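One structure is given here, and the rest of the page talks about it.
The values are calculated or read from the model by the stated rules, or taken from the named source; none is laboratory data. Just so we're clear, the structure is a prediction, and the values are computed from it rather than from any experiment. A quick note on method: Cβ atoms are made from the backbone with ideal geometry, for glycine too, and the neighbour counts reach across all protein chains shown. Quick note on the areas: whole protein, heavy atoms, side chains included, nothing else; ligands and nucleic acids left out. Shrake-Rupley method; radii C 1.70, N 1.55, O 1.52, S 1.80 Å.
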Amino acid sequence: MSKSKEKNRIAYQEFGDQSNPQAFERSIPELPPNQQNLRVQTSRSGRAGKTVTIVTGFQCQTETLTKLLKQLKTACGTGGTVKENTIEIQGDHRQKILQILVESGYKAKISGG
């Protein structure tokens, strides 16, 4: 038997097809914006003294977060990222982000000092 055929032979496989990673993702319920309680806070820990505005409490798909991130980055004129269902925007933009989130229909409030 050739080597390529030996690689494809599987004696036992516990969790289905490994070639489809979406099959193993947990589904996140897509709640409407008015049912999500968001917290807007700033943080400097672990970022070499740089201030970052963090928005937490999202219960939606990654695609929705990416669209909202783009809107927030454009409004603030700065960079940002999505990490584990949180949005991080560079700089202290709490008031501006809070205003945008409330206008978009989210229940948001500023958290922390």
Mean 1/r over all different Cα pairs, inverted: what Kirkwood radius does the range 31-108 give, in Å? 12.4
Determine, from the Cβ-Cβ distance of Arg47 and Ala11 and an R0 of 41 Å, the FRET efficiency 1/(1 + (r/R0)^6), rounded to the nearest 0.05. 0.30
Starting at the first residue of the range 87-104, write each ³J(HN,Hα) from the Karplus equation 6.51 cos²θ - 1.76 cosθ + 1.60 with θ = phi - 60°, in whole Hz, x for Gly and Pro. 10, 10, 10, 5, x, 9, 10, 4, 5, 5, 5, 4, 4, 5, 5, 5, 5, 7
What accessible area per residue comes out for the range 31-108, rounded to a whole number of Å², with a 1.4 Å probe? 57
Using a 1.4 Å probe over the heavy atoms of the protein chains, calculate the carbon and sulfur portion of the accessible area of the range 31-108 as a whole percent. 46
What residues qualify as long-range amide H neighbours of Thr51, i.e. H under 5 Å apart, gap of 5 or more or another chain, H built at 1.01 Å from N? Gly91
I want the local charge near Ser111. Using Cβ-Cβ distances under 11 Å, sum +1 for each Lys or Arg and -1 for each Asp or Glu among the other residues. +3
What are the ³J(HN,Hα) values, in whole Hz, obtained from phi via the Karplus relation 6.51 cos²θ - 1.76 cosθ + 1.60 with θ = phi - 60°, for each residue of the range 29-41 in sequence order, with x given for Gly and Pro? x, 8, 7, x, x, 6, 9, 9, 9, 9, 10, 10, 8
Give me, ordered by chain and number, the residues 5 or more places off Ser111 or on other chains with an amide H under 5 Å from its own placed amide H. Val40, Gln41
Excluding Gln71 itself, calculate the net charge of residues whose Cβ lies under 12 Å from the Cβ of Gln71, where each Lys or Arg counts +1 and each Asp or Glu counts -1. +3
